[in-house]
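Where a number appears in this text, it was derived from the coordinates with a stated rule and is not lab data. Fair warning: this is a prediction, and the values are worked out from it, not measured in the lab. So basically every Cβ, Gly included, is an ideal-geometry build from the backbone, and we count neighbours across all protein chains shown.
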Amino acid sequence: MLKCKNNISVVVITHNEENQIAGCISSCKVFSEDVIVVDSGSIDRTTEIAQNLGAKCFTKPWEGYGAARNFGADMTTYDWILSIDADERPDDEMSRSLCEIQLNQQHIYGFRRINHIGSVAIKHGDWNPDIKFRLYHRETTRWNNQKVHENLHIEKWQTRTILPGHIMHYSYADVESLQKRLDHYARLGAAEMYSQKQKAGLISKLKPWFKYFRSYYLKGGFKDGKLGHQIAKANAEALRRKYAYLSEIKEKQ
């Protein structure tokens, strides 16, 4: 474990992550002795593996990402919290940053995330830059209650600071698993839009095409070769499906 001048707790939310959780916890144990796992009812060995690695595990019925992260924050020993997912790993430079930085409660700290398909790092398109603000003080900051794409609620007086290092993200074994995850998010996003009384509108038919064009051409997704095309196409299709699912929900009401 690194010699760390900051006391930082780690919160990980899980559901059937037995293939990922060991790597996540091991990478976080480099700088933190307090790892909290909030599990939503895994039926595999997720919690067993986490507990064997010294994490504290809590089971909580699923109410959304933001609610799970806030619950985990309430269970931590320390006030400074790093929220991370089971398929993410802090790299060595990020671990050193967490230990060496003089933390300030008026700041919310972020890191650049490098996303992977299998073992291939994706360096262009909509996935880059991908900055995630994950380190915060629990007395001044909470997560919002969105069911998908949750964010920290940042006050006007708080400053966003990006620290050295990267979050290595190993979420997708292949393009098919990416498509499956995006479809899940599309359904959640549609439900969120419906709850907020949002409408699709005519412009929604053009948004997927623009999303593909921006990712593949404007943001250089083509530089990632075939994967760049597949990712841009999958993201555009997920956006199209979100509006389609929204229409389905409305029709059933």
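Under a Cβ-only charge scheme (Lys and Arg +1, Asp and Glu -1), can you give me the dipole magnitude of the stretch 175-252 about the Cα centre, in debye to the nearest 20? Kindly include the intermediate steps, with their values, before the conclusion.
Details: 18 positive and 7 negative charges, 40 e Å.
With Lys and Arg at +1 and Asp and Glu at -1, about 200 debye.
Take the Cβ atoms of residue 79 and residue 251, set R0 to 41 Å, and the FRET efficiency comes out at 0.30. Since only 229, 30, 166 are under comparison, the one whose Cα sits farthest along the positive direction of the charge dipole of the chain, derived from C-beta charges on Lys, Arg, Asp and Glu, is 229.
Amide H to amide H distances under 5 Å link residue 79 with no residue, where only residues 5 or more positions off or on other chains count and H is placed in the peptide plane. Between residue 153 and residue 44, the FRET efficiency from the beta-carbon distance, with R0 = 45 Å, is close to 0.90. Highest mobility in the GNM of the chain, judged by mean-square fluctuation with C-alpha springs under 10 Å and restricted to 68, 200, 186, is found for 200. Expressed to the nearest 5 percent, the antiparallel share of DSSP beta bridges inside the chain is 35 percent.
Along the stretch 57-69 the Karplus relation, 6.51 cos²θ - 1.76 cosθ + 1.60 evaluated at θ = phi - 60°, assigns HN-Hα couplings of 10, 10, 9, 9, x, 5, 10, x, 5, x, 4, 5, 5 Hz to successive residues, with x for each Gly and Pro.
Pairs of Cα atoms nearer than 8 Å and 6+ residues apart set the relative contact order; for the stretch 175-252 it is 49 percent. Counting 0.36 nm for each residue step from residue 207 to residue 121 and taking away their Cα separation leaves a gain of 28.3 nm.
Between amide H atoms placed 1.01 Å from N, distances below 5 Å from residue 117 occur with 122, all of them 5 or more places distant or on a separate chain. Of all stretches in the chain that contain no GluC sites (Glu not before Pro) in a DSSP loop with at most 13 other Cβ atoms within 10 Å, the longest one is 156-253.
Backbone phi angles across the stretch 171-185, fed through the Karplus curve with coefficients 6.51, -1.76 and 1.60 (θ = phi - 60°), yield HN-Hα couplings of 7, 10, 5, 7, 5, 4, 5, 4, 4, 5, 5, 5, 5, 4, 5 Hz in residue order; Gly and Pro are listed as x.
Using the rule -39500 (n - 2.57) for each DSSP H run of four or more residues, divided by the residues of the chain, the 222 nm mean residue ellipticity is -11000 deg cm²/dmol. The Cα center of the stretch 1-57 and the Cα center of the stretch 151-169 differ in position by 21 Å.
If you put +1 on each Lys and Arg Cβ and -1 on each Asp and Glu Cβ, how big is the dipole of the stretch 8-172 around its Cα centre, in Debye rounded to 20?
Values: 17 positive and 22 negative charges, 78 e Å.
Roughly 380 debye for the stretch 8-172.
The GNM of the chain, with springs linking C-alpha atoms under 10 angstrom apart, assigns the highest mean-square fluctuation among 185, 243, 194 to 194.
Taken along the Cα-to-beta-carbon direction at a fixed 7 Å, the label points for residue 185 and residue 5 span 3.7 nm.
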